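S.K.: First, the structure itself, so that you have it in front of you.
The values are calculated or read from the model by the stated rules, or taken from the named source; none is laboratory data. Bear in mind the structure is a predicted one, so any value in this text is a computation, not a measurement. Calculation scope for accessible area: heavy atoms of the full protein, side chains included, ligands and nucleic acids excluded. Shrake-Rupley method; radii C 1.70, N 1.55, O 1.52, S 1.80 Å.
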Amino acid sequence: MKKVLIIVAHPNIAHSVVNKHWLEALKQHPQRFTVHELYNVYPDGNIDIAHEQALVEQHAHVVWQFPVYWFNCPPLLKRWLDEVLTHGWAYGSKGKVFQAKKLGIAVSLGTSAQDYTHDGAIGYTVRETLRAFELIANYVDADYQPLFAFHTIDSNDGYSDDALKLVLQSTRAYLAHLDKYFS
């Protein structure tokens with residue numbers, strides 16, 4: 001089985017409900033996944049580019065996991081993309097590191113699935129909203145996989161029994177998604 005690098009970008013994982021459960025489940029499978037928490041590794045925001053590139057090179061596939069913030073990723077993941085995906089390494093005539101890798105995203109959203117429809121409050125699907133990640137994957141010549149999205153419970157209801165059941169279901173679904181698309 002090929003090992004997957006899960007790059008987690010959650011600015012406050014200790015107070016997360018969904019991403020924290022996903023993280024705990026992933027860490028139970030160290031033979032399959034390397035969990036790399038950007039905000040824990042780089043609390044000052046200064047990214048070690050060589051280290052990050054070496055991590056990517058050491059893994060068969062990559063998943064970016066994050067909560068959706070204003071229809072995008074948290075700022076440290078954006079910085080990671082800007083600084084780590086360099087010309088000559090990730091793209092360009094010599095940049096082929098992602099060529100044989102599967103790349104995907106796993107996101108939690110603080111609104112209902114109905115909101116992310118053409119008739120919903122957002123007016124676009126999650127895939128349409130996060131199209132930039134698919135474009136990045138295509139640009140670096142990675143094999144972009146279907147995204148995994150969980151429309152979270154209300155943040156004020158994060159610890160009710162019903163909410164936790166949904167989070168646990170999403171955790172099992174996330175692991176199944178990774179098995180299906182990143183094995």
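S.K.: Note the angle between two axes, namely the Cα long axis of helix 75-84 and the longest principal axis of the Cα atoms of the chain, as a number of degrees from 0 to 90, rounded to the nearest 10.
M.R.: Tilt of helix 75-84: around 20 degrees.
S.K.: First compute the accessible area of region 67-136 with a 1.4 Å probe, then give the percent of it belonging to carbon and sulfur atoms.
M.R.: 55 percent
S.K.: Leaving out same-chain residues fewer than 8 places away, which lysines sit with a Cα under 23 Å from that of K102?
M.R.: Once the sequence-local lysines are set aside, what remains near K102 is K2, K3, K27, K78, K94, K180.
S.K.: Using amide H atoms built in the peptide plane, which far-off residues or other-chain residues are under 5 Å from V8 H to H?
M.R.: The list, which skips near neighbours in sequence, is H36, E37, L38, Q65.
S.K.: Rolling a 1.4 angstrom probe over the protein heavy atoms, how many square angstrom per residue are accessible across the chain?
M.R.: Accessible area per residue, the chain: 51 Å².
S.K.: Sticking with this one: For region 1-157, what is the largest minus smallest coordinate of the Cα atoms on each principal axis, given in angstrom and ordered from greatest to least?
M.R.: Principal-axis extents of region 1-157 (Cα, largest first): 45, 34, 32 Å.
S.K.: With each run of n ≥ 4 DSSP H residues scored as -39500 (n - 2.57), what mean residue ellipticity at 222 nm is computed for the chain after dividing by its residue count and rounding to the nearest 500 deg cm²/dmol?
M.R.: -11000 deg cm²/dmol
S.K.: Here is a further query. As I understand it, the value is the acute angle between the Cα axis of helix 18-27 and the longest principal axis of the Cα atoms of the chain; what does it come to in degrees, rounded to 10?
M.R.: 50 degrees
S.K.: How much of the DSSP beta bridge set in the chain is antiparallel, as a percent to the nearest 5?
M.R.: 5 percent
S.K.: I've got another one for you. Rounded if a/c is under 1.5, else prolate if a/b beats b/c, else oblate: with a ≥ b ≥ c from the C-alpha gyration tensor eigenvalues square-rooted, which is region 1-92?
M.R.: Oblate.
S.K.: Also, I was wondering about something else. Please say if region 105-182 is rounded, prolate or oblate, where rounded means a/c under 1.5 for a ≥ b ≥ c the square roots of the C-alpha gyration tensor eigenvalues, and otherwise the choice is prolate for a/b larger than b/c and oblate otherwise?
M.R.: It is oblate, given that a/c is not under 1.5 and a/b is not larger than b/c.
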